[in-house]
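Below: the structure, in C-alpha cells.
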Amino acid sequence: MKKLSQCKLTLLLLTLIALMLVGVVGCTPVEEPGLPTDGPEPDPTTSEPKPDPEPSTDPGTSDPYPYLILVNADNPLPVELEPELKTVQGNFKLEKTAADALLAMMADAKKEGIDLLVVSAYRPYETQERLYNNKVQEFIQKGYSEEDAAIEAAARVARPGTSEHSTGLAADIVTPSYQRLDRGFAETEAAKWMAANAHKYGFILRYPDDKQEITGIIFEPWHFRYVGVEHATIMTELNLCLEEYLAH
Ligand SMILES: [Zn+2]
C-alpha cells in the first residue's frame, strides 16, 4: 500500500514535470527572424521598411530615385538603396538616369575632341565595406590599435555607407592621357570641359577646391555627381556645393 502510493506519487511528479516541460517549450520565444548579419549603422531617420524586393516592371509606380540624396561622413547612406543600373563604360555602371546623362555627356565631349574615361562608378555597399575593412586590417598589421587603424583607414577609404559611389550617382572621370586622381587633372582640357559643361547634363563637380571645409573632402576635379539638370544648373550658377544647396 505504501509502496503503491509512492509509485503513484512518482507518476504524478513525472506527469507534472512532463507538463512543465511542454509548457516551457511552448513558451520559448521564437528566435527573432532575419537579424541583420551585415547591417549598417542604425539610422533612426531612415528606419522605414522598404517594401518591394520584387522587380518593378512599371517604372511609373515606383518611387523616384533620391537624386538629391546627401551622402557624407555625417549622413551615411541607407544600405537598402539599390539603384537600377546601366553600363556607362567597360564594367562601370551608374543608376540608369545618371548613366544616360553621362553617356550623353561623353558623346558630346567626344564631338569636341575630348575623350572622357570612367575609372570608378557604382560601388555596392559591400564593396565599400570590403575596401574599408581591408584598409583597417592593413593598419592593424602595421601595429596600430583597432581604434587608430579605423581612423587611419577612414582617412583613405570612405567608411561603408559614406561613399557617394554607393548611390550609383557618382563617377570618377578622367581622360586617357591623364589618369591620375590628383590636382593636376584639373589643368587638363577634359577637366576644364567637364567643369564648364557637366551641369547641362545634370552633374556637379561634387568636391570643389573652394568648398573643402564644407564637404570635408579634398578637391576632386574628377568626381562628378548626378543631381539632375535643374539642380545642377542652379548649384553651378550660384557656386553652391550640395551641402550648401540643401541647407537653403
Ligand atoms: Zn569618386
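FYI, it's all coordinate maths here, none of it is from the lab. All figures in this text were calculated on a predicted structure; none of them were measured in a lab. All Cβ positions, even for glycine, are placed from backbone atoms using ideal geometry, and neighbour counts span all protein chains on display.
What's the exposure ranking of LEU116, LEU94, LEU85, going from fewest to most Cβ atoms within 10 Å?
By the 10 Å Cβ count, ascending: LEU85, LEU116, LEU94.
Treating the Cα atoms of the stretch 171-221 as identical point scatterers in vacuum, please give the log10 of the normalised Debye intensity I(q)/I(0) at q = 0.14, 0.27, 0.30 Å⁻¹, two decimals.
Results for the stretch 171-221 at q = 0.14, 0.27, 0.30 Å⁻¹ read -0.34, -1.13, -1.26.
Counting each pair of different Cα atoms once, what's the Kirkwood radius of the stretch 115-248 in Å, rounded to one decimal?
On the way: mean 1/r = 0.0630 Å⁻¹.
In the stretch 115-248 this quantity evaluates to 15.9 Å.
At what distance in nm do the modelled label points of LEU238 and ASN197 sit from each other, each positioned 7 Å from its Cα along Cα→Cβ?
2.7 nm
With a sphere of radius 15 Å drawn around the Cβ of GLU112, what net charge do the other residues whose Cβ falls strictly inside it have (Lys, Arg +1; Asp, Glu -1)? Don't skip to the end; give the middle numbers.
Details: positive: LYS110, LYS111, LYS192, LYS200; negative: ASP108, ASP115, GLU189.
In short, +1.
So for LYS135, LYS142, LYS93, fewest C-beta neighbours within 10 Å to most, what's the order?
Result, fewest neighbours first: LYS142, LYS135, LYS93.
Translational diffusion coefficient, Stokes-Einstein: compute it for the stretch 67-107 using the Kirkwood radius over C-alpha pairs as Rh, at 20 °C and 1.002 mPa s, and state it as an integer in µm² s⁻¹.
Answer, rounded: 185 µm²/s.
Tell me, what is the FRET efficiency for ILE151 and ASN75 to the nearest 0.05, using R0 = 25 angstrom and their Cβ-Cβ distance as r?
0.80
³J(HN,Hα) across the stretch 113-122 via Karplus (A = 6.51, B = -1.76, C = 1.60, θ = phi - 60°), whole Hz, x for Gly/Pro?
So the J values, rounded to whole Hz, are x, 10, 8, 9, 10, 7, 10, 6, 9, 5.
Report the gain in length on full extension from THR127 to GLN179: 0.36 nm times residue separation, minus Cα-Cα distance, nm rounded to one decimal.
16.5 nm
Set the Förster distance to 35 Å, then compute FRET efficiency between GLU213 and ASP108 from the Cβ-Cβ distance, nearest 0.05.
Details: r = 33 Å, r/R0 = 0.94.
The formula returns an efficiency of 0.60 here.
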